[in-house]
Amino acid sequence: MSLFSNPLDSPSFRLALLAGLSKKMLGAGSKNELLDLIDNALSVPEPGGDQGVLESAARLYHGQADPVGGVFDQVDRVGRKGLPEVWVGDTSVRASDAVNAAGRAVEQMREAFKDGAGVLLTLADAIGAAQRKDEQGRGQLLEQKKLLGGKDGFFDDLHEDDGEEWDRKNAAHFGSYAVDLMHDAVSDAQEATRVAARDLNKWAAEARAGKMGTSELTAVDKLMLADTGIAGADAELNEILKAGELARASTRMDMLSLEDETAMERMLARSDSPQERAYLMKALAAGNSVAEIEEFQDKIHGKDPDWMRRHLSPVVTGADSMDDEGLAPNGSNNNMEYATFNGQRWVQGGDGSEGTCVASSTVTSRAMVDPLYALELTGGPDGQQDDPDAFKQRLVAEQHRLHTEGEGGKNWTGMGPEGQERINDTTVGSATGSDYQRQDLNSADDRRAVLTEVEKSVAEGRPVPVDVSGKDGAHAMTIIAQEGDMLQVYNPWGSTTWVSEDDFINGHMGKASNNELPNAYSVYLPR
């Protein structure tokens with residue numbers, strides 16, 4: 001079903017219509033045909049948006065940013081005073097940790113308002129420029145229409161002298177140029193809106209503590225859960241609970257029976273570290289029962305944060321992971337990070353030899369959103385194992401199970417789109433509360449149009465499978481994060497890297513694999 005009741009409301013439809021009219025004008029065989037084409041072009045709506053309203057909103061955002069700095073300074077000073085080991089909240093959070101988390105949250109809020117104001121000002125300028133460009137094109141069309149005069153009658157239209165032919169061709173030339181201006185205006189406004197939506201969606205996802213609406217936890221508990229990152233890693237790139245997971249954990253907390261709710265709060269209070277508490281809530285967000293989470297805590301309780309990082313977080317993103325270090329001879333990024341457990345990669349077939357890319361991507365995606373599932377693979381039945389060879393055997397067995405479930409090809413090669421969608425629904429969607437739907441990408445415009453939804457999904461912690469192809473075959477990978485105009489891609493060859501939006505749109509996805517697989521031809525969107 002189309003999102004637009006009127007096709008002219010769709011920017012993509014308007015772009016295609018204007019491009020077609022521009023070409024038809026140059027080939028118009030009569031004055032009357034050209035006048036009809038000009039009228040068709042003038043009927044296309046101008047780029048929407050109110051520059052003044054956007055500028056007013058930007059000023060409001062900017063005004064909210066300035067006074068917050070004073071609050072941040074006060075909170076930061078309190079956090080530096082060396083508070084006593086006082087416990088607050090329902091889950092035994094240290095006062096000093098809570099104050100430090102509050103300081104970081106206030107600073108994030110200030111940055112969000114400040115950068116949000118910049119986003120809106122940029123959008124306002126782009127909308128204004130697009131509308132002026134559209135107005136220029138319309139003005140030229142109206143001028144050509146006036147020069148051509150009224151439509152010819154039947155007999156007048158039968159003959160065209162040299163002067164009339166010159167006027168028609170001249171008007172067609174300038175009319176085509178004018179329509180091109182209108183086309184560019186729509187394109188400019190569409191791209192500016194997409195970029196603004198991307199950045200504002202990201203800042204909305206960063207308002208993390210507010211995602212937890214449950215009344216069963218105090219504000220301090222929510223703040224700490226939202227603030228906790230994977231141990232020893234860059235906190236902003238490695239939150240344990242993504243925005244969508246905080247919201248799902250909150251919803252599921254409210255749905256618990258009184259007995260289960262009490263048990264969950266008892267587990268949180270018993271936890272030895274912020275990371276332990278965060279992984280428990282992540283497990284709840286993934287749909288696990290309280291009884292299953294209790295067994296899970298027994299396996300991880302008392303473990304140091306590094307142990308939990310190794311066993312529960314397949315992908316850890318380095319602070320320098322987005323540095324541009326050029327390309328290898330095969331077209332892939334030199335700057336790649338391996339996803340490993342004690343040296344054993346999270347890789348298809350255990351060594352990269354099998355063609356189970358779909359199943360392998362799905363396994364790692366589920367492990368990223370469900371720590372119970374991750375621990376079953378890394379730690380074995382009792383959750384205590386640390387053996388990379390045993391992990392490899394369990395990993396490959398699970399890849400094979402999903403490959404079979406998705407009716408993949410013999411000898412562990414290939415899987416059709418129906419199977420790919422099905423195993424993402426049963427394996428990842430069951431944890432994130434999503435129904436995956438395939439969307440084909442037949443052009444650069446298709447890829448550009450889908451980016452906003454892809455980026456919103458990954459910001460909320462819902463991985464997006466992406467299929468790529470080239471002259472020698474196809475491959476399945478997963479988009480797992482977004483920062484600015486960069487997308488983080490997990491390749492089931494056992495690595496992650498960042499590609500730009502331009503790489504995704506214009507056929508340079510080989511940077512995440514190799515130059516034989518440049519084109520993203522489909523994504524599976526979690527609805």
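The values are calculated or read from the model by the stated rules, or taken from the named source; none is laboratory data. Please read all numbers here as calculations on a predicted model, not as lab measurements. Here the Cβ is made from the backbone with ideal geometry for all residues, glycine too, and neighbour counts use every protein chain on show. For accessibility, only protein heavy atoms count, side chains too; no ligands or nucleic acids. Shrake-Rupley method; radii C 1.70, N 1.55, O 1.52, S 1.80 Å.
Filtered by the rule that a residue be within 14 Å of VAL119 (Cα to Cα) and either modelled with pLDDT of 80 or more or more than 28 Å from the chain's Cα centre (by Cα) (or both), the stretch 54-70 gives LEU54, GLU55, SER56, ALA57, ALA58, ARG59, LEU60.
A count restricted to the stretch 452-486 and to residues that are polar (S, T, N, Q), in a strand (DSSP E or B) and open to solvent by less than 10 Å² (accessible area, probe 1.4 Å) stands at 2.
For the stretch 438-451, a tally of residues being open to solvent by 30 Å² or more (accessible area, probe 1.4 Å) and under 25 Å from VAL315 (Cα atoms) returns 1.
A quick yes/no check of all residues on (1) exposed (fewer than 14 other Cβ atoms within 10 Å of the Cβ); (2) touching a helix residue (DSSP H, G or I) at 6+ places or on another chain (Cβ under 6 Å); (3) basic (Lys, Arg); (4) at pLDDT 95 or above:
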| site | (1), (2), (3), (4) |
| --- | --- |
| ARG309 | no, no, yes, yes |
| LEU312 | no, yes, no, yes |
| MET336 | no, no, no, yes |
| GLY350 | no, yes, no, yes |
| ARG366 | no, yes, yes, yes |
| PRO371 | no, yes, no, yes |
| LEU377 | no, yes, no, yes |
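In the set (1) open to solvent by 70 Å² or more (accessible area, probe 1.4 Å); (2) within 30 Å of the chain's Cα centre (by Cα); (3) modelled with pLDDT of 85 or more, GLU33 fails one condition alone, (2). Residues being crowded, with 16+ Cβ neighbours inside 10 Å, on the phi < 0 side of the Ramachandran plot and not in a helix (DSSP H, G or I): count how many of those fall in the stretch 425-437. Residues in the stretch 425-437 being crowded, with 16+ Cβ neighbours inside 10 Å, on the phi < 0 side of the Ramachandran plot and not in a helix (DSSP H, G or I): 2 in total. I'd like the full set of residues that are closer than 24 Å to TYR521 by Cβ, assigned to a helix (DSSP H, G or I), open to solvent by less than 40 Å² (accessible area, probe 1.4 Å) and out of contact with any Leu (no Cβ under 6 Å at 6 or more places or on another chain), limited to the stretch 387-424. Hits for the stretch 387-424 are GLN399, LEU402, HIS403, GLY419, GLN420, ASN424. Are any residues in the stretch 493-522 among the aliphatic types (A, V, I, L, M), within 14 Å of ALA444 (Cβ to Cβ) and either surrounded by 24 or more Cβ atoms within 10 Å (Cβ to Cβ) or out of contact with any helix residue (DSSP H, G or I) (no Cβ under 9 Å at 6 or more places or on another chain) (or both), and if so, which ones? Residues satisfying the conditions are MET509, ALA520.
Report whether or not VAL428 is closer than 25 Å to VAL499 by Cα and in contact with an Asp or Glu (Cβ under 7 Å, 6 or more places away or on another chain). Judged against the criteria, VAL428 is not a match.
Here is a yes/no grid of residues against (1) open to solvent by less than 50 Å² (accessible area, probe 1.4 Å); (2) over 29 Å from the mean Cα position of the chain (by Cα); (3) at pLDDT below 80; (4) not small (Gly, Ala, Ser):
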site	(1), (2), (3), (4)
ILE38	yes, yes, no, yes
ASP50	no, no, no, yes
GLY89	yes, yes, yes, no
ALA98	yes, yes, yes, no
ALA105	yes, no, yes, no
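For the criterion of being buried (at least 21 other Cβ atoms within 10 Å of the Cβ) and closer than 16 Å to LEU225 by Cα, ALA283 passes.
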